[in-house]
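Right, one structure below, let's go through it.
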Amino acid sequence: MAIATNLQDNLDNQTAQFLQEAESTFQWTKQWYPVAVAEFLDPSRPHPIQLLGKDLVLWQDTAGKWHCFADFCPHRLAPLSQGRVESDGTLLCAYHAWRFDGKGNCVSIPQSQDKETEAKNCANVQSCAVVYPTQKLQGLIWVWAESGTEAQVESKLRQPRTIPELDDDSGRVVKPFWNIRDLPYGWDFFMENVSDPAHVPVSHHGIMGSRYEDAKYYDMPRLREISTQEGFAFEVTTTAPDIELAILDFQPPCHMRIVTTYKDGGKLILALYAIPTRPGWCRHIGRQVLVKNDAGKTPPGLGFFALPMPVWLGHILASLFLHQDLVFLHYQERIVAKRVKNKWLDAVYTPNPQDKAIVTFRQWLAKRAGGGVAWDENCNSKLPDAELNQEKLFDVWTTHTQHCQVCQNALKNINRLTVLSYLGAIACLFLALFLDGRYIAVQAITEPANVSMWNTLPPLGFGMAIAGGITLAIAGYLLKKLSRLFYVYKFSHADND
């Protein structure tokens, strides 16, 4: 009993010390980050990801459990993400077929002289993969940003920033799908952007209001004082007639919770995550959550994205929204890097109260979090040069589709339908020619005196075949245009009237 008490006391002391140290200075690596949406990943293969400049690999064993390793084999440092998930639930390195179980233990070295030598080498700690604590919650795969024995203990002392409403099974909560996208601007610029409601009707003109009618004054009273671990919260005193309350709630390291409460009691929750992947890039994972009022009425969602639609369609239509501020945020980050020199407030002019949350965020980052993301020591922390070819910034395939098996399956089906539509159109054309030729031939036999190209009307079947061919050709064309959204979507504010 005494031993158990001492162990519990030690654990409590360790917890208190951990939380005390964490509150004094934000520790970027002692945090949980959502890095992927489980249902969008192909469980039969490993997936490379990045977190704080670290190259990692996600993979699922045959028991359905996800694991995260550093993306290198301890043998010769080949990337494990280029390997295979074997039928026995191990991860195989494609270079020399070393295998690893979910705990990172090496369980097979085929080139060994004999079984005894293999067992001895596998037992050596140097043969192990580097393991990061991993868990699956609310459909997301969460990774603790440190590895090792101490990380296994510390990761249990902190809970991920999940969304309480997603655990509500009462039927009052409507839970549309997750969306995920890699964005060509940094974590801090994502957080600054979503802390700024004033930009919404301007940048997202046509989807979330009008730049000419809805860019109005409002105040932002502080609701929660700034905290190293808990962030801050502000109210948005919106003038919309149907809104009772709107709140911006920043929860480090990567969660922005935006709650709009309507006067009838319904709520719209925008749950937005931004994961710092590498300098100049972040991974956005987000969804909207709709809470019905007491009468069972569902509140309006985020534009047309709240309408019932297939997941893949929501994913590709997200470009219509995300690309509206993508380009200028990419360039803004580079301008700030050149001009600010760690004195952000001296370089910008923020006279209106709409910038309160942004100023607070920059203060939190400067005074509580070391001035910026703590990139891995092996990462090149230099911000990449601005991408002058905007088509590359509008790339959807690399930043989403290639990582999403839902969208890849949808794209395959759309491509099949496109081919079938064009083949059907060609078949209809040949059918029309056949029917017309057959009709003329019959007329030539039965009424040879009346046959000419001017007085011989085609049969009804000919017209129907032509109409069907045109319809199928148009369908094929539209499907082809739809498939382009899986690859690239261009946008220009100059053309968005």
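For (1) loosely packed, with under 14 Cβ neighbours inside 10 Å; (2) within 30 Å of ASN389 (Cβ to Cβ); (3) modelled with pLDDT of 95 or more, each residue gets a yes or a no:
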{"residue": "LEU420", "(1), (2), (3)": "no, no, yes"}
{"residue": "LEU431", "(1), (2), (3)": "no, no, no"}
{"residue": "GLU447", "(1), (2), (3)": "yes, no, no"}
{"residue": "SER452", "(1), (2), (3)": "yes, no, no"}
{"residue": "PHE462", "(1), (2), (3)": "no, no, no"}
{"residue": "VAL488", "(1), (2), (3)": "no, yes, yes"}
{"residue": "ASP495", "(1), (2), (3)": "yes, yes, no"}
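For segment 270-290, the set of residues classified as more than 30 Å from LEU383 (Cα to Cα) and either touching a helix residue (DSSP H, G or I) at 6+ places or on another chain (Cβ under 6 Å) or open to solvent by 30 Å² or more (accessible area, probe 1.4 Å) (or both) consists of VAL289 only.
Count of segment 25-74 residues, restricted to those that are over 24 Å from ALA369 (Cα atoms), charged (D, E, K, R) and either open to solvent by less than 20 Å² (accessible area, probe 1.4 Å) or in a loop (DSSP other than H, G, I, E, B) (or both), is 5. Pairs are defined by a Cβ separation below 8 Å, a sequence spacing of at least 6 or placement on different chains, a first member in segment 323-339 that is under 23 Å from MET208 (Cα atoms), and a second member that is assigned to a helix (DSSP H, G or I) and open to solvent by 60 Å² or more (accessible area, probe 1.4 Å); the pairs so defined are GLN324/HIS493; VAL327/GLN390. Residues that are basic (Lys, Arg) and part of a loop (DSSP other than H, G, I, E, B) were ranked within segment 172-203; the one that is most open to solvent (accessible area, probe 1.4 Å) is ARG172.
Filtered by the rule that a residue be of a type in the set (S, T, N, Q), within 23 Å of the chain's Cα centre (by Cα) and part of a helix (DSSP H, G or I), segment 337-394 gives a lone residue, GLN390.
If you go through segment 204-226 and keep only what is surrounded by fewer than 16 Cβ atoms within 10 Å (Cβ to Cβ) and either touching a Lys or Arg at 6+ places or on another chain (Cβ under 6 Å) or in a strand (DSSP E or B) (or both), you end up with ARG222, LEU223, ARG224, GLU225.
In the set ASP61, ASP101, ASP71, only one residue is more than 18 Å from the chain's Cα centre (by Cα), within 15 Å of SER127 (Cβ to Cβ) and acidic (Asp, Glu); that residue is ASP101. Listed by first and then second residue, the pairs linking a residue in segment 239-254 that is closer than 30 Å to GLY372 by Cα to a residue that is among the β-branched types (Val, Ile, Thr), with Cβ atoms under 6 Å apart and 6 or more places separating them unless they lie on different chains, are ALA246/VAL236; ALA246/THR238; ALA246/THR260; ILE247/VAL259; LEU248/ILE258; CYS254/ILE275. Cβ contacts < 9 Å: first residue touching a residue at least 24 places away in the same chain (Cβ under 8 Å), restricted to segment 163-186; second residue hydroxyl-bearing (Ser, Thr, Tyr) and open to solvent by 50 Å² or more (accessible area, probe 1.4 Å), any location; separation 6+ or different chain. Result? Correct list of pairs: VAL174/THR298; ASP182/THR398; TYR185/TYR331.
The strands (runs of 3 or more DSSP E) falling completely within segment 104-149 that include 3 or more residues that are of a type in the set (A, V, I, L, M, F, W, C) map to 140-144. Applying the set (1) in contact with a helix residue (DSSP H, G or I) (Cβ under 8 Å, 6 or more places away or on another chain); (2) at pLDDT below 95; (3) under 30 Å from ALA295 (Cβ atoms) to ALA198 leaves exactly one unmet item: (3). Counting only residues that are closer than 23 Å to SER81 by Cα and in contact with a strand residue (DSSP E or B) (Cβ under 7 Å, 6 or more places away or on another chain), segment 379-396 holds 3 of them. Taking every residue in segment 279-302 that is without any contact (Cβ under 8 Å) to a residue 60 or more places away in the chain and pairing it with any residue that is part of a loop (DSSP other than H, G, I, E, B), at least 6 positions away or on another chain, the pairs with Cβ-Cβ distances below 7 Å are ASN293/ASP264; ASN293/GLY265; ASN293/GLY266; ASP294/GLY265; LYS297/ASP264; LYS297/GLY266; PRO299/GLY266.
Of the residues in segment 291-310, at least one is open to solvent by less than 30 Å² (accessible area, probe 1.4 Å), aliphatic (A, V, I, L, M) and assigned to a strand (DSSP E or B).
Within segment 393-418, the set of residues being without any contact (Cβ under 8 Å) to a residue 40 or more places away in the chain and open to solvent by 70 Å² or more (accessible area, probe 1.4 Å) comprises GLN402, LYS412, ASN413, ARG416. The selection criterion, being in contact with a His (Cβ under 8 Å, 6 or more places away or on another chain) and over 24 Å from PHE26 (Cα atoms), holds for HIS315. Among the residues making up segment 227-247, those that are open to solvent by less than 50 Å² (accessible area, probe 1.4 Å) and part of a strand (DSSP E or B) are SER227, GLY231, PHE232, ALA233, PHE234, GLU235, ILE243, ALA246, ILE247. For ILE316, the conditions (1) in contact (Cβ under 8 Å) with a residue 40 or more places away in the chain; (2) open to solvent by 20 Å² or more (accessible area, probe 1.4 Å); (3) not in a strand (DSSP E or B) all hold with the exception of (2).
Condition check ((1) at pLDDT below 95; (2) buried (at least 17 other Cβ atoms within 10 Å of the Cβ); (3) in contact with a Phe, Trp or Tyr (Cβ under 8 Å, 6 or more places away or on another chain); (4) more than 30 Å from PRO164 (Cα to Cα)) across all residues:
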{"residue": "LEU77", "(1), (2), (3), (4)": "no, no, no, yes"}
{"residue": "GLU86", "(1), (2), (3), (4)": "no, no, no, yes"}
{"residue": "LEU91", "(1), (2), (3), (4)": "no, yes, yes, yes"}
{"residue": "HIS96", "(1), (2), (3), (4)": "no, no, no, yes"}
{"residue": "GLY104", "(1), (2), (3), (4)": "no, yes, yes, yes"}
{"residue": "THR117", "(1), (2), (3), (4)": "no, no, no, yes"}
{"residue": "VAL130", "(1), (2), (3), (4)": "no, no, yes, yes"}
{"residue": "PRO133", "(1), (2), (3), (4)": "no, yes, yes, no"}
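The values are calculated or read from the model by the stated rules, or taken from the named source; none is laboratory data. Quick caveat, the model's predicted, so the values are computed rather than measured. Note that we place each Cβ from the backbone using ideal geometry, even for glycine, and neighbour counts take in every protein chain shown. Quick note on the areas: whole protein, heavy atoms, side chains included, nothing else; ligands and nucleic acids left out. Shrake-Rupley method; radii C 1.70, N 1.55, O 1.52, S 1.80 Å.
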